[in-house]
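**Q** Attaching a single structure in structure tokens format; questions to follow.
No lab work stands behind these numbers, since they all come straight from the coordinates. All figures in this text were calculated on a predicted structure; none of them were measured in a lab. Every residue, glycine as well, gets a Cβ built from its backbone with ideal geometry; the counts of neighbours run over all protein chains shown.
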Amino acid sequence: MTEHIHFYEPRAGHGLPHDPFNAIVGPRPIGWISSRDGAGRLNLAPYSFFNAFNYTPPIVGFASIGHKDTVTNVEQTGEFVWNLATRPLAEAMNQTCAAVPPGVDEFQLAGLTPVASRLVSVPRVAESPVAFECKVTQIVQLEGADGTRVPTWLVLGEVVGVHIARASLKDGVYDTASAGHILRGGGPADYFEIVPAQLFRMHRPK
């Protein structure tokens, strides 16, 4: 069977044209994070390592490879907002990936509208149909199995406020299938879109 399996140890390299790790652990929701620094300057950046980690209280988190502006901002203010990236917003979201100097406002760069949140000082993206206002609960620098710290910071935050466009609620239930979510794939430019045709249902065994 081994001739049918490609095995590698990550520390020794994968031996493939592109690292498959991101493609296997995916597609993943996008952490489109708005923040502000201690001086009030805005930042908006997407993170491909993002997910939800707890239900009650709701906790979400994203990992920043490198101590980027967003991490500095949440350290200073203790707040951030997650904004849902959808297919109509894909190009604007991609613009906020640009490597620009600290202090550049990605809202302006991408032609997006900051709108005041209810419970945190950080604005949300007005064009996004869903936003989570978050209070930082933990910032953890990751470590390898040998205890060596790696230059990646995991930011966890409790969701203290939720904004949902009413058009995304069908009989009071959030309709993921038609909300237009986009997800990050593994290749250098791979994204996926959720569409109703992909929906199937399974009920938990009793």
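**Q** With just the Cα atoms defining each centre, how far is region 152-206 from region 1-16? Give it in Å.
**A** 32 Å
**Q** So if each residue of separation counts as 0.36 nm, and I subtract the Cα-Cα distance between residue 91 and residue 162, what length gain in nm does that give?
**A** Roughly 23.2 nm would be gained on extension.
**Q** Hey, of [x] 67, 46, 29; [y] 48, 39, 31; [z] 57, 43, 36, which did the structure itself give for Cα extents along the principal axes in Å when calculated?
**A** So the calculated entry is the one marked [z].
**Q** Among 34, 48, 178, which one shows the biggest mean-square fluctuation in a GNM of the chain, springs joining Cα atoms closer than 10 Å?
**A** Of 34, 48, 178, the most mobile in the Gaussian network model is 178.
**Q** What is the fewest-to-most order of 24, 30 by other Cβ atoms lying within 10 Å of their Cβ?
**A** Working: 24 8, 30 24.
Taking fewest neighbouring Cβ atoms as first place, the list is 24, 30.
**Q** Moving to a separate point now. Expected output is a single nm value to one decimal: the length gained when fully extending between residue 169 and residue 5, i.e. 0.36 nm times separation in residues minus the C-alpha distance. What is it?
**A** Net length gain for the segment: 54.6 nm.
**Q** Cut-off is 10 Å between beta-carbons; in what order do 181, 67, 6 appear when sorted fewest neighbours first? The partial results should precede the final answer.
**A** Working: 181 20, 67 13, 6 10.
Placing the least packed residue first, the sequence is 6, 67, 181.
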